[in-house]
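Enquirer: Take this structure first; my questions come after.
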Amino acid sequence: MQKLEPITDFVEITPSAEIAATAHGWRAKCLQRLLRLDMPVPRTVALPATTIQAIAAGRSLDCKGVLECFGENPLVSVRPSPQNPEWGGPSTVLNIGMNAARHAVLVKTHGQAAADALYLRFVQGYAVHVARLDPDMFEIAEPSAQALRDALRAYRDEMDEPFPEDPARQLAEVLRSMSRAWAGTSARLLRQSKGAPEEAALGLVVQEMAQGLGQGISGSGVIQFIDPVTGLEQVTGRFLGQAQSSDIAEKREDALYLTRDPRGPSLEELAPELFASLARQGAACRAKLREEMQLEFTINDSHLAVIDAVRVPRSSRAGLRIAVDLANDGIITREEALLRVEPRALSELLHPQVDPRGTRDVIGRGIAASPGAATGRIVFTSAAAQASASRGEPCILVRRETAPEDIRGMHSAVGVLTERGGMTSHAAVIGRGLGLPCVVGASDLSLDVKALVLLSKSGRKLVEGDLITIDGTTGQVLAGEVEMLPPALDDAFRMLLSWADDVRDIGIRANADTPADAQTARNFEAQGIGLCRTEHMFFEEARLVAMREMIFADTPDDRATALARLLPMQRDDFVQLFEIMQGLPVCIRLFDPPLHEFLPHSRDGLRELAEALDRPLSEVTRRAEALTEFNPMLGMRGVRLGIVLPEIYDMQAQAIFEAVVEVARRGGSIVPEIMIPLVSASREVELVKTRIDAVAAKVRTATRAEFDFKLGVMVETPRAALRAGEIAQHAAFLSFGTNDLTQMTYGLSRDDAGRFMNTYVQQGVYPEDPFHILDVDGVGELLLIGAERGRQTRANLTLSICGEHGGNPESIAFCRKAGFDYVSCSSYRVPLARLAAAHLALLDKDRKKTT
Ligand code: PEP
Ligand code: MG
């Protein structure tokens, strides 16, 4: 077989060389940019990805030719240069070219100890990363001449040949090993998990070693000009005298601070000019690379070399602050700043977060249902949560799953953990609405309800009162207390979102059920309330009693009497909501859940109820049983209740209209939107509309006040979507309730789906949990049909989505494209939605420009 010539495709990086990030990788491109900024970068050669692929396939490179670029007897390093820095790459290898002859020279120029340390470090790195020998055999306690001899002997014994002396061979072996490491399965999986495409390729850079050892001020350091956690301006980093770049990661007692520091000596004091020059380099980098960079540098006998620059690794919070500051300094545009912040990263800023620098004692995992972290003592019942809150003790409510009657317990807890459930289970929806960190479906934890014990997979037992932390951002459950970072609703956050509002072209409202929720919605600058689930107003103690009386009423008159007790409370709720929202639209959904949710489930509860109603326990039990349905979610709920027991909706409409009149009397103004849930036939809407119009007329007469309102329909059944054309005859707006619509389209209970969703997603039956990410193919088609048919009937029909999907960037994209007017999501997701909508508008603008 003909022997192939060695490859010669490599290029020295100079300001004018042809270097492209796509071919040579980001590091090569970045080093060229530094050179163009006149930075003292050591000589560097870039090897393109095609060369590295050929090496991995067995071809050889003209390594002699590469080394000749560096003059006589150079020492070089090799660093990875993939297209995107996030994709990682094999470890850097330093001091290639070190051998006995070079060692002898260095003994003379740098002294025995430094020469030994250098050579030893190379032998060790080469043995472990290139020859893949056991790292334990090359563990070095203290560099010394003996340790060097031992390492060289160990290499010879293991490899049956002496340590390679020829620098070209050393380089060839290093390149071969790095190129193969990149092609290996584990590296491939790792980078793919960070978003790298299947064909992601590796470039490498070979750089002349800047020693950091020897006479005068010499050493290595890293410097960055912002705090990586807050993003605020601050010099951070360290400098080690007489050290190479690989030493910087080590914790050494003799490390210097960079700026003046009362705790010890600093580089700024030791070498003010060098420090000032570094600061200048940093500022130039920021201005010209338009990014906060971390510089890796060496000082060799008072000469500075910048050997590398990487984007400062940063928290989400710092990322946002950096983008806003760069835009305010005119370095990037506001539009660029917006696009640099990932919308999902925002939710991290709205809640305390587990400090990423701390250690985590993970005892279980579940679905990250509501972001943020919270630490508290375990409680297993809502009553215990309330008791704990009244003692001022933060608690985590741990339940198998939560039900509406747990709402007060949830309000009292700082976090919720459930063994069952998925993204739209009760705990998840309410948790997100309240901004309460929540982990659901933690199926590797098992809850023994009788013994009140929470058991981890590894057998750890937790009882009531034990301290745990839940991380609703990652889904982890941690034992004990951990360091937290506080939320950051700072000026930078608000500024970025105001820029987002300037460019976005779809409305963002919030789902808010109570005055407190409405206040949160205002704080996050939602443009109104898109869904107020009124039933949540009925779970307070006093209201629950009246509610139960209403349920147990024998006649319409009795029912009306019980409802009359609820009326003023509802009216007050609405007055508060309207006042908080200050004229912004408020969409109120009429009563939706099945009635049995309001009844006690335990025998004791039923007895208490019998006492309160002054009725025999047997009768109360019988009535409660009679209300039980086989499939309550598909039973007597929503508009069906409104038609069978119309007094409920009458009362709610009256409360809404009287609240409108009251707010007007106080100088405010509001046009309420009333929404009918779970519609499946247009006749349902007609019937409800007739009664609501009658109530409006009655309130107008009684108050002698004029007011407007809009009546609309919540599209939650496939039939409502299909018949939207007919329904729109009676509705001013349609709002798609994609929680129920997903449930009904799939025929899949939203409360039980968690049990098998993982298996389904893992096996690719569903690409994602459809309760989490809108199923654009199926449910999405119903949305499009509903929208189109609705608008055919009524061109100015307002369209929106108010299911949990409303806050997802993918759903926002879908709704925007379909011409929806707004999306409505939990208040805590409003900022994310505002930014995601801005991204969509900007990306669309870019696309239009390029086509
Ligand atoms: C829905 O079904 O999408 C919805 C918003 O209503 P709920 O979650 O209250 O059923
Ligand atoms: Mg619903």
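The values are calculated or read from the model by the stated rules, or taken from the named source; none is laboratory data. Since we're looking at a predicted model, the values are computed, not measured. Cβ sites come from the backbone with ideal geometry, for glycine too, and all protein chains shown count toward neighbours. Note: accessible area is taken over every heavy atom of the protein model, side chains too, but ligands, DNA and RNA are not part of it. Shrake-Rupley method; radii C 1.70, N 1.55, O 1.52, S 1.80 Å.
Enquirer: Looking for something crowded, with 22+ Cβ neighbours inside 10 Å, out of contact with any Phe, Trp or Tyr (no Cβ under 7 Å at 6 or more places or on another chain) and not small (Gly, Ala, Ser) - is there at least one such residue anywhere in the range 326-338?
Expert: no
Enquirer: Looking at the range 596-612, which of its residues are open to solvent by less than 50 Å² (accessible area, probe 1.4 Å) and either of a type outside the set (A, V, I, L, M, F, W, C) or within 16 Å of ligand 2 (Cβ to nearest atom) (or both)? Give the derivation first.
Expert: Taking the range 596-612 as the starting set, the residues that turn out to be open to solvent by less than 50 Å² (accessible area, probe 1.4 Å) are 596-600, 605-606, 609-610.
Result: His596, Glu597, Pro600, Gly605.
To keep it simple, each residue is scored yes or no on (1) within 30 Å of Gln170 (Cβ to Cβ); (2) part of a strand (DSSP E or B); (3) open to solvent by less than 30 Å² (accessible area, probe 1.4 Å).
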residue	(1), (2), (3)
Gln211	yes, no, yes
Gly216	yes, no, no
Gly221	yes, yes, yes
Gln224	no, yes, yes
Ala243	yes, no, yes
Asp254	no, no, no
Leu278	no, no, yes
Cys285	no, no, yes
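Enquirer: Is it the case that some residue within the range 688-711 is hydroxyl-bearing (Ser, Thr, Tyr) and within 16 Å of ligand 2 (Cβ to nearest atom)? I'd like the intermediate steps shown before the answer.
Expert: Restricting attention to the range 688-711, the residues satisfying the condition of being hydroxyl-bearing (Ser, Thr, Tyr) are 690, 701, 703.
So of that shortlist, the ones also within 16 Å of ligand 2 (Cβ to nearest atom) come out as none.
No, the range 688-711 contains no residue that is hydroxyl-bearing (Ser, Thr, Tyr) and within 16 Å of ligand 2 (Cβ to nearest atom).
Enquirer: Is there any pair with a first residue in the range 710-726 that is assigned by TED's automatic domain parsing to the domain that holds Gly780 and a second that is open to solvent by 20 Å² or more (accessible area, probe 1.4 Å) and assigned to a strand (DSSP E or B) whose Cβ atoms are under 9 Å apart and which are 6 or more apart or on different chains, and what are they?
Expert: Lys710/Thr798; Gly712/Thr798
Enquirer: Among the residues of the range 513-527, write down those that are at pLDDT below 95 and of a type in the set (A, V, I, L, M, F, W, C). Step through it out loud before you land on a result.
Expert: Of the range 513-527, the ones at pLDDT below 95 are 513-525.
Of everything in the range 513-527, those that are at pLDDT below 95 and of a type in the set (A, V, I, L, M, F, W, C) turn out to be Ala516, Ala518, Ala521, Phe524.
Enquirer: Looking at Ala154, Ala172, can you tell me which residue is in the same structural domain as Cys69 (by TED's automatic domain parsing), in a helix (DSSP H, G or I) and closer than 21 Å to Asn73 by Cα?
Expert: Details: Ala154 fails: closer than 21 Å to Asn73 by Cα.
Going through Ala154, Ala172 in turn, the sole match is Ala172.
Enquirer: Please specify each residue of the range 601-633 satisfying the condition of being assigned to a helix (DSSP H, G or I) and touching a residue at least 24 places away in the same chain (Cβ under 8 Å). Reasoning before the result, please.
Expert: Narrowing the range 601-633 to residues assigned to a helix (DSSP H, G or I): 603-613, 617-627, 632-633.
Leu609, Ala612, Leu613, Val620, Arg623, Ala624, Leu627, Pro632, Met633, listed by residue number.
Enquirer: List every residue pair whose Cβ atoms sit under 6 Å apart, with the two residues 6 or more apart in sequence or on different chains, where the first one lies in the range 493-505 and is in a helix (DSSP H, G or I) and the second, anywhere, is basic (Lys, Arg).
Expert: Leu497/Arg834; Trp499/Arg334; Ala500/Arg834
Enquirer: I'm trying to understand the selection: among the residues of the range 643-690, which are among the small types (Gly, Ala, Ser) and within 16 Å of ligand 1 (Cβ to nearest atom)?
Expert: Filtering the range 643-690 down to residues among the small types (Gly, Ala, Ser) leaves 653, 655, 659, 664, 667-669, 680-682.
Listed by number, the list holds a single entry, Ser680.
Enquirer: Which one of these is surrounded by fewer than 24 Cβ atoms within 10 Å (Cβ to Cβ) and more than 13 Å from ligand 1 (Cβ to nearest atom): Ala732, Ala724?
Expert: Testing whether each residue is surrounded by fewer than 24 Cβ atoms within 10 Å (Cβ to Cβ) and more than 13 Å from ligand 1 (Cβ to nearest atom) leaves just Ala732.
Enquirer: Could you please tell me which pairs satisfy a Cβ distance under 9 Å, a separation of 6+ or placement on different chains, a first residue in the range 425-445 that is not assigned by TED's automatic domain parsing to the domain that holds Asn511, and a second residue that is among the basic types (Lys, Arg) and in a helix (DSSP H, G or I)?
Expert: Final answer for the pair search is Arg432/Arg829; Cys438/Arg432; Gly441/Arg755; Ser443/Arg755.
Enquirer: Only one of Val78, Val105, Val66 is open to solvent by 20 Å² or more (accessible area, probe 1.4 Å) and outside any loop (DSSP other than H, G, I, E, B). Can you tell me which? Spell out the reasoning first.
Expert: Working: Val78 fails: open to solvent by 20 Å² or more (accessible area, probe 1.4 Å); Val66 fails: open to solvent by 20 Å² or more (accessible area, probe 1.4 Å).
Residue meeting the stated conditions: Val105.
Enquirer: Which of the residues belonging to the range 738-775 are more than 16 Å from ligand 2 (Cβ to nearest atom), of a type in the set (Gly, Ala, Ser) and more than 21 Å from the chain's Cα centre (by Cα)?
Expert: Gly764
Enquirer: Counting only residues that are open to solvent by 10 Å² or more (accessible area, probe 1.4 Å) and farther than 20 Å from Ala836 by Cβ, which one in the range 500-521 is nearest to ligand 1 (Cβ to nearest atom)?
Expert: Per the criteria, the residue is Asp513.
Enquirer: Another question, if that's okay. Only one of (1) open to solvent by 30 Å² or more (accessible area, probe 1.4 Å); (2) in the same structural domain as Thr359 (by TED's automatic domain parsing) is not met by Asp490, so which one is it?
Expert: (2)
Enquirer: Just a yes or no: is a residue in the range 570-579 touching a Lys or Arg at 6+ places or on another chain (Cβ under 8 Å) and either of a type outside the set (S, T, N, Q) or farther than 28 Å from Ser680 by Cα (or both)? Before the answer, list the steps.
Expert: Filtering the range 570-579 down to residues touching a Lys or Arg at 6+ places or on another chain (Cβ under 8 Å) leaves 579.
With the extra rule that they be either of a type outside the set (S, T, N, Q) or farther than 28 Å from Ser680 by Cα (or both), the set shrinks to 579.
Checked against the condition, which is being touching a Lys or Arg at 6+ places or on another chain (Cβ under 8 Å) and either of a type outside the set (S, T, N, Q) or farther than 28 Å from Ser680 by Cα (or both), the range 570-579 yields at least one hit.
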